[in-house]
Amino acid sequence: MKRCVWLSVLAMIAVGCSGGEAGKTAEGGGTTPTPETGKKLVVGFSQIGAESDWRTANTESIRSEAEKRGIDLKFADAQQKQENQIKAIKSFIAQGVDVIAFAPVVETGWEPVLREAKEAGIPVIVSDRRPDVPEDLYVTFIGSDFVKEGEMAGEWLVKKMGGTAKIAELTGTTGSAPANDRAKGFRNAIAATPGMEIVFTQTGDFTRAKGKEVMEALLKSPTGKEIKALYAHNDDMALGAIQAMEEAGLKPGEDIIIVSIDGVKAAFEAMVAGKLNCTVECNPLLGPFLFDAIEKMMKGEMLPKRTVVEDKMYDQTQAAAELPNRKY
Ligand code: GYE
């Protein structure tokens, strides 16, 4: 039965490649992969952890959407460890869930476990971050364009600084897709402006505590004294760095211009307070996208290989008006 699910999914992909119409049902006649009548759809979801406000909102969106749709969600928190995610996926395979979804903490190292899922006939949906695996190992990938986010942050900063600044960068989890892509996008955006110089780059692991710790150490060093701008790969690290700057007697948002990514409520509050200058939104509310995709797939509908979630950018001038509209 499980093998039929994958065969149908592969058939859908084949239809997609040969230019089939969107919404057309999968080939395979009687093999539409719906679970037996009366049985709840069982989805195993392997989450990265709870490192940031973004992640908390993402988890809440997935849990509440599953509940709303009457889906039996088996949720596993990997506490930032790839080995825990691999264990969780293996256990979903052993339990024979209908669908596996996961947000890969880092890009590499997923191929063997995804092959196991495929051999067991269980379709895999990727949420949030991209794994570096052949495309036939998952059905669809839903998430933001992290390179574009980095570019938006960089373009904004070039304008704000008038083309000259010594910049500190706080990067996300080493080896993760958002850390790799946000670093790349930002560099693309500043490349043509030689006055924009990254003089410091270090990971803050996407957490507030680490962002604070790294900024504290930086401000004590000679390089720290030259910094005019901070680019943080997420809001939480920027918020931690803001605390460190205040404790060092600096005025974040004035002495050091700060741009970060996610667009969480606390970032809008910091912008209203004048401590953060700009945030590039990254929508964590992926629950509806994820379960729409799963339900379509189970009906045998064709899915695109990639769904890009659109994001906007907000600076201090828009923060107060936008704050009441923020959903996370
Ligand atoms: O930006 C960060 C989180 O993968 C897009 O992970 C996500 C990132 C998000 O920890 O806050």
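Between Rg and the Kirkwood Rh of region 63-165, both from Cα atoms, what is the Rg to Rh ratio?
Radius of gyration relative to Kirkwood radius: 1.12.
Picking from Ser221, Ser127, Ser61, which is most flexible by a Gaussian network model of the chain using Cα springs under 10 Å?
Sorting by GNM fluctuation, first place goes to Ser221.
Can you list the GluC sites (Glu not before Pro) in region 75-175 that are in a DSSP coil and have 10 or fewer other beta carbons within 10 angstrom?
Here no loop site has a sparse enough neighbourhood.
I want to verify a result. In a Gaussian network model of the chain, Cα cutoff 10 Å, which of these has the top mean-square fluctuation: Val97, Val124, Val259?
Result for the chain, Cα springs under 10 Å: Val97 fluctuates most.
Over the chain, what is the percentage of antiparallel beta bridges among all DSSP beta bridges, to the nearest 5? Could you put the intermediate results ahead of the total?
Details: 4 of 44 bridges.
DSSP beta bridges in the chain are roughly 10 percent antiparallel.
Specify the angular offset, from 0 to 90 degrees and rounded to the nearest 10, of the alpha carbon long axis of helix 2-17 from the longest principal axis of the alpha carbons in the chain.
Rounded to the nearest ten degrees, it is 70.
Restricting attention to region 62-98, which trypsin sites (Lys or Arg not before Pro) occupy a DSSP loop and are surrounded by at most 15 other Cβ atoms within 10 Å? Don't skip to the answer; put the middle values down first.
Details: sites: Arg63, Lys68, Arg69, Lys74, Lys81, Lys87, Lys90; in loops: Arg69, Lys81.
Those satisfying the criteria are Lys81.
Would you compute, from DSSP H runs of 4+ residues alone, the mean residue ellipticity of the chain at 222 nm, taking -39500 (n - 2.57) per run and dividing by the full residue count, rounded to the nearest 500?
Roughly -13500 deg cm²/dmol at 222 nm, from the helical runs in the chain.
Any idea how far apart Asp136 and Lys225 come out in nm if each label point goes 7 Å out from Cα toward Cβ?
6.1 nm
So, in nm, how far is label Asp292 from label Glu246 when the simple model puts each one 7 Å beyond its Cα toward the Cβ?
With each label point 7 Å from Cα toward Cβ, the separation is 3.9 nm.
Taking R0 as 51 Å, what FRET efficiency do you get between Gln95 and Lys160 from their Cβ-Cβ distance, rounded to the nearest 0.05? Kindly include the intermediate steps, with their values, before the conclusion.
Values: r = 51 Å, r/R0 = 1.00.
Once the sixth-power term is evaluated, E becomes 0.50.
How much length, in nm to one decimal, is gained on full extension between Ala50 and Lys299, taken as 0.36 nm per residue of separation minus their Cα-Cα distance?
Values: separation 249, 0.36 × 249 = 89.64 nm, distance 3.23 nm.
Stretched fully, the Ala50-Lys299 segment lengthens by 86.4 nm.
Suppose R0 equals 35 Å; then what is the FRET efficiency for Asp315 and Glu119 from their Cβ-Cβ distance, rounded to the nearest 0.05?
0.10
For region 255-328 and region 90-156, write down the distance between their C-alpha centroids in whole Å.
20 Å
Starting from the Cα of Ala217, step 7 Å along the direction of its Cβ; do the same at Glu322; then give the gap between the two resulting points in nm.
3.2 nm
Within region 194-209, list the residues whose amide N lies under 13 Å from a label point set 7 Å along Cα→Cβ of Glu83.
Answer for this model: none.
Compute a Gaussian network model of the chain, connecting alpha carbons closer than 10 Å, and tell me which residue from Glu246, Glu216, Glu295 fluctuates the most.
Taking springs between Cα atoms under 10 Å, the residue moving most is Glu246.
How many percent of all Cα-Cα pairs in region 192-328 sit more than 19 Å apart?
Working: 5193 of 9316 pairs.
Roughly 56 percent, once rounded to a whole number.
Working out 0.36 nm times the residue gap between Val272 and Lys68, then minus their Cα-Cα distance, what length gain in nm do you get to one decimal? Spell out each step's value before the answer.
Details: separation 204, 0.36 × 204 = 73.44 nm, distance 3.43 nm.
Result: 70.0 nm gained on full extension.
List the extent of the Cα atoms of the chain along each of their three principal axes, largest first, rounded to whole Å.
That gives 68, 38, 36 Å along the principal axes, largest extent first.
Expressed in nm to one decimal, what extension gain is obtained for the pair Asp255 and Lys184 from 0.36 nm per residue of sequence separation less their Cα-Cα distance?
Roughly 23.0 nm would be gained on extension.
We did not get these values from a lab; they are worked out from the coordinates using the rules stated. Not measured: the values here are computed from a predicted model. Cβ: placed from backbone, ideal geometry, glycine included. Neighbour counts: every protein chain shown.
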